[in-house]
Amino acid sequence: MRSLQLLVLMIALAAGAGACLDGSLTAPYGDREGLVRFDYHGDFGDRRFQARGEAKFTLPAGSPQHGTWAAALYYPQDTTVSVLGFRGGDDPEGAAVLLHLGIAESLGPLELGPAGCTPGGAEGDCRVLLFSPHLNIDALADFRMDGTSEVEVYEIREGTVEITAIDSGRIRGTFSGTGSAAGSPERTFHISEGLFNVPIFRY
């Protein structure tokens with residue numbers, strides 16, 4: 001899967017009767033604050049992840065900055081969307097989540113699943129959630145969809161995402177699912193009460 005070497009050019013989203021994404025239309029800059037939140041439990045107990053804040057990127061070309069923020073990236077070349085959240089701890093450490101929605105052109109439910117997820121790329125039906133409780137912000141570019149990054153990663157590949165709104169340069173929805181630690185299937189990981197409300201940036 002593509003490394004998330006983030007080149008953020010502009011907020012891009014089109015809302016309309018079909019409530020779908022359209023790479024040919026660009027919404028004006030607006031509210032850049034996003035939110036990603038979910039409850040999770042596994043062999044470490046029950047906890048909550050929350051990242052709320054203004055998207056922190058070095059423009060026009062660069063990497064995400066340390067801090068606490070949430071945003072979505074729209075890839076017009078394959079019309080896929082990824083939601084990112086980073087909860088900063090002591091610089092440069094933090095916790096990170098990546099929810100790859102694949103092609104997300106309309107409202108309604110999407111099933112999480114690894115179909116189409118490969119080290120070399122992602123097809124539109126690749127929909128997974130990756131979570132790392134301890135990640136260096138500089139390593140976010142290597143936070144890969146296929147779980148091959150060298151940090152502790154939990155993978156959610158069974159579950160559901162519900163896209164509830166696409167409007168005004170934002171995407172909103174809910175999610176839940178079950179998975180395990182990458183490379184350690186016996187270490188199960190469960191997510192519930194997940195939600196996102198984030199601005200969309202064009203990659």
Original post:
Expressed in nm to one decimal, what extension gain is obtained for the pair ALA115 and ARG48 from 0.36 nm per residue of sequence separation less their Cα-Cα distance?
Top reply: 21.3 nm
Subject >> Amide H within-cut-off set for LEU101, under 5 Å, with H built and near neighbours excluded >> reply: VAL81, SER82, VAL83
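If I stretch the segment between THR188 and ASP138 completely, what's the gain in nm (0.36 nm per residue apart, minus their alpha carbon distance), one decimal?
On the way: separation 50, 0.36 × 50 = 18.00 nm, distance 2.71 nm.
In short, 15.3 nm is gained.
Values quoted throughout were computed directly from the atomic coordinates according to the rules given, and no laboratory measurement underlies them. These numbers come from a predicted model, not from an experiment.
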